[in-house]
Every structure is written in C-alpha cells, then in structure tokens.
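Before any comments, here is the structure.
The values are calculated or read from the model by the stated rules, or taken from the named source; none is laboratory data. A quick note: this is a predicted structure, and the numbers were derived from the prediction, not measured. Neighbour counts run over all protein chains shown; Cβ positions are idealised from the backbone, glycine included. Each accessible area value is taken on the protein alone, full model and side chains, heavy atoms only, with ligands, DNA and RNA left out. Shrake-Rupley method; radii C 1.70, N 1.55, O 1.52, S 1.80 Å.
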Amino acid sequence: MIRAPDARVVASTDLLVEGRHFRQDWSGPFDIGCKAAAQNLADVVAMGARPTALLVGLAAPGDLPVRWAEDFFRGLAEECAIAGASVAGGDVSAADSVMLAITALGDLAGTDPVTRRGAHPGDLLAVAGMLGSSAAGLALLAAGLASGAADGGTSAPADQDLAGLVAAHRRPRPPYAAGPQAAAAGATSMIDISDGLVQDLGHVAAASGVAIDIQQGRLAAGTVAAAGALRAAAAALGGQDWLAWVLSGGEDHALAATFPPGTFLPPGWSSIGTVGTGSGVQVDGRSRSDLDGWDHFRH
C-alpha cells in the first residue's frame, strides 16, 4: 500500500527493451537500473509532483545471472532514494531478452499538476539540467571510442570530458527538485527531455497551441550544456555539429518549462527562449526539420 495524501496520483510508465533502449555490452545492470528509474521519475517531477514509488516488471532469459538481477535492483533502489521514492513491487517473467516495464507514481501534495497544455504567448522558455551529454555519449559508444563488453559497462575514454559524456548516457541525472520548484514558481507547462529538446517542445507547442522559439546562443551556457566536452566529442568523431546533440539528442531527462513573463526563475533554471503565437518549434526564428529527435518506430 502506498500513501496518497492528495486525492490524485500522478502516474507514468515506460517500456525498455534490450537492444533498442539499452545494450548490456555498453551498460552494466546497475546503470541500467538507475536509468530505468530515472527516466520514469523524471516524468513525475515534470508534472510538479513528488515521486513516491516505482512498480517494476522484469522479463528475462532463464539463464540471466542472479547477480545481474541483484545489481539491477540496486540501481533502481539507489536512484529512487535520490528522488525520495522507493520500489513498491512488481512482477517477473521469462523472455528471450531483457525487457523492463516501469511505472512511477507521484504525489501532487494538493497543488495543480503542470501539464503540456498551459504555455501562453509571451511566456519564457527555460530548462533545468544538462542537454546533449547522453546523445554525445551514445555516439562515442557507437563509434567504438568507449567500451563496456569486458567489464559490464564501466570502460570509458581516458579523456575526462569524453568519459563524463559516456557516464551521462549510462546514467542520466534528472534535476528532481527542479520540477516541484518550477510548479511553485508558476510554471505554465513542463516536460522532461527524453526524445530531444526540439521534438519534446513540439509536444508542448501542439498541446498549448503556441509557437516556441529557442535562442541557440543561450545553449552554450554552462548550466545548459557541457559545451567544452561536447566540442571535444564532436572533434573526436570527425567534426560533428555538437549543437545537434543539444537540440535533438534525448535521454538526458532534463526538464523544459514555460513561465509567465517576468518570473524570477528558481535556482538551476536557465532561460533559453520564448513562446509566441503560431505553431511549432523554431531555432532563432527558423524551422529545423533536421532536428527530429528519437522515434521508437523509425530508429
């Protein structure tokens, strides 16, 4: 039984499939557990709620080592502890590969939820948490510049900047306190960045019936993106555009929110754009069809 002081419970669920959402040769079970918890807990705080519990479904081959399952659960439990939640239960079944079904629950404590539908023309656009790091880390792994097959997902490049990007992919760090703080500051809409900044803001723009303009020059701020590390990764990969990771890379689970004009942003939030009339998402006033983010049925 889970206490629900509010008459409403915020709930979110995600399905993670081995080979599509994680690879055991790139990430160990502890990091997989942390990441599975983080991406669901981030959805809860993105509505301004306090996370309370996770329900976990695990399907796996019968020869999966018991140690793997134990380390996976340790990761779940550690990430829940950071967010102030716990693992309340779940189920186990057999499957040909590892599949995870995670449901997160949260408490609004009597406050109104912050949804995707409340943005208004004139609002400020702000983010909390870092953008682009996970996508850059994934690119490094895919290019063979970091490995994990031999040690359960702990190998990383010797360069500390690049190693930090790989770590960010294996274990994202959502800004859990920032969601409720944004709600208390009057955020009109909010979403967690799981599939890419442009794509996820597109959901906000569509739900709210507004246009959102991202100011690219603000994305290099140290509170928004690790620009130095991203530039180093781009150079190591042959000169890729590091800003593309910030704009379309997912799985950092940072938060994006809109606030009424003149709002004093809570600590950890950085202004990166504005809301106007119209539809869709633009970067410096231009549409960017090349920044389409993650699509589960296309990738």
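Would you point out the residue of the stretch 2-44, among those that are open to solvent by less than 30 Å² (accessible area, probe 1.4 Å) and part of a loop (DSSP other than H, G, I, E, B), that is farthest from Leu138 (Cα to Cα)?
For the stretch 2-44, the residue satisfying everything is Asp6.
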Next item on the list: Could you look through the stretch 267-284, keep only residues that are in contact with a Leu (Cβ under 7 Å, 6 or more places away or on another chain) and polar (S, T, N, Q), and pick out the one that is nearest to Thr223 (Cα to Cα)?
Entry: Ser271
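So, of the residues in the stretch 61-102 that are assigned to a strand (DSSP E or B) and open to solvent by less than 20 Å² (accessible area, probe 1.4 Å), which turns out to be nearest to Met1 (Cα to Cα)?
Only one residue tops the list, namely Ile102.
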Next item on the list: Would you mind telling me which numbered condition in (1) out of contact with any helix residue (DSSP H, G or I) (no Cβ under 9 Å at 6 or more places or on another chain); (2) touching a residue at least 12 places away in the same chain (Cβ under 8 Å) Asp63 fails?
Entry: (2)
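Looking at this structure, is Asp123 out of contact with any Asp or Glu (no Cβ under 8 Å at 6 or more places or on another chain), of a type outside the set (A, V, I, L, M) and open to solvent by less than 30 Å² (accessible area, probe 1.4 Å)?
Here the answer is yes, as Asp123 does meet what is asked.
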Notebook entry, point to check: In this structure, does Thr52 turn out to be closer than 27 Å to Ser208 by Cβ, of a type in the set (Val, Ile, Thr) and either in a loop (DSSP other than H, G, I, E, B) or open to solvent by 10 Å² or more (accessible area, probe 1.4 Å) (or both)?
Noted result: no
Item checked: Qualifying positions in the stretch 210-231 - under 16 Å from Val283 (Cβ atoms) and open to solvent by 30 Å² or more (accessible area, probe 1.4 Å) -> Asp213, Gln215, Gln216, Gly217, Arg218, Ala220, Ala221
Margin query: All but one of (1) outside any helix (DSSP H, G or I); (2) closer than 20 Å to Ala256 by Cα; (3) open to solvent by less than 40 Å² (accessible area, probe 1.4 Å); (4) of a type outside the set (D, E, K, R) hold for Ser134; state the number of the condition that does not hold.
Written below: (1)
Notebook entry, point to check: Looking at the stretch 245-294, which of the residues that are at pLDDT 95 or above, open to solvent by 30 Å² or more (accessible area, probe 1.4 Å) and hydrophobic (A, V, I, L, M, F, W, C) is farthest from Ser194 (Cα to Cα)?
Noted result: Phe264
Next item on the list: Determine whether Gly148 is at pLDDT below 95, crowded, with 16+ Cβ neighbours inside 10 Å, of a type outside the set (Val, Ile, Thr) and at positive phi.
Entry: no
Note to self: Please go through the stretch 16-31 and give me each residue that is touching a helix residue (DSSP H, G or I) at 6+ places or on another chain (Cβ under 6 Å) and among the hydrophobic types (A, V, I, L, M, F, W, C), ordered by number.
What the structure shows: Leu16, Phe22, Trp26, Phe30
